[in-house]
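Remarks on the structure that follows.
The values are calculated or read from the model by the stated rules, or taken from the named source; none is laboratory data. These numbers come from a predicted model, not from an experiment. Here the Cβ is made from the backbone with ideal geometry for all residues, glycine too, and neighbour counts use every protein chain on show. The area values use the complete protein model at the heavy-atom level, side chains included, leaving out ligands, DNA and RNA. Shrake-Rupley method; radii C 1.70, N 1.55, O 1.52, S 1.80 Å.
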Amino acid sequence: METISRHQLLTISIIYQIGTTIIFGFAAGAGRDSWLAVLISTILGTGVVLIYVSVTKLNPGLTYVECFPKQFGRWLGTPLAWLHPLLFLYIAGRIVADINNLVPSTILPRTPPWAILI
């Protein structure tokens, strides 16, 4: 199995945040200061990614989910380790729903929803 380095993870995350903010126009309500909204969201998102990277750096050889029981103990860490992937599934569902709602109304107005979801 191939793995990516911490630097590659950070770079991918920053590019993803900038790309989705610009494509979907989340900062459009800010008007002329939309560049500032994009900058702030990128900095905050990068901070979250740096937390993930630092947790994995503190626990070499363990996956991110395996870090929870080691850091928080068996009784608190095990439920957190089970809930954390569910959080990412929820976020993935929200992203798919956002794409399903935003893309037809902004970028591809005549495209059927099933084509966008595929």
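What number of residues within the stretch 63-74 satisfy the criterion of being open to solvent by less than 80 Å² (accessible area, probe 1.4 Å) and among the aromatic types (F, W, Y)?
Number of matching residues: 2.
For the stretch 53-74, which positions are closer than 20 Å to I12 by Cα and not in a loop (DSSP other than H, G, I, E, B)?
V53, S54, V55, T56, K57, Y64
In this structure, does G77 turn out to be modelled with pLDDT of 80 or more, exposed (fewer than 10 other Cβ atoms within 10 Å of the Cβ) and closer than 30 Å to E2 by Cβ?
Taking the combined requirement at face value, the residue does not satisfy it.
Of all residues in the stretch 35-51, which are in contact (Cβ under 8 Å) with a residue 12 or more places away in the chain and under 13 Å from the mean Cα position of the chain (by Cα)?
Result: S41, T42, G45, T46, V49, L50.
Exactly one condition in (1) over 30 Å from K57 (Cα atoms); (2) open to solvent by 50 Å² or more (accessible area, probe 1.4 Å); (3) out of contact with any Gly (no Cβ under 9 Å at 6 or more places or on another chain) is false for T106; which is it?
(3)
For the stretch 18-62, enumerate the residues that are open to solvent by 70 Å² or more (accessible area, probe 1.4 Å), hydrophobic (A, V, I, L, M, F, W, C) and at pLDDT below 75.
Correct list: I22, I23, F26, A28.
Take the stretch 87-103 and flag every residue that is open to solvent by 100 Å² or more (accessible area, probe 1.4 Å) and aliphatic (A, V, I, L, M).
Within the stretch 87-103, just L89 meets the criteria.
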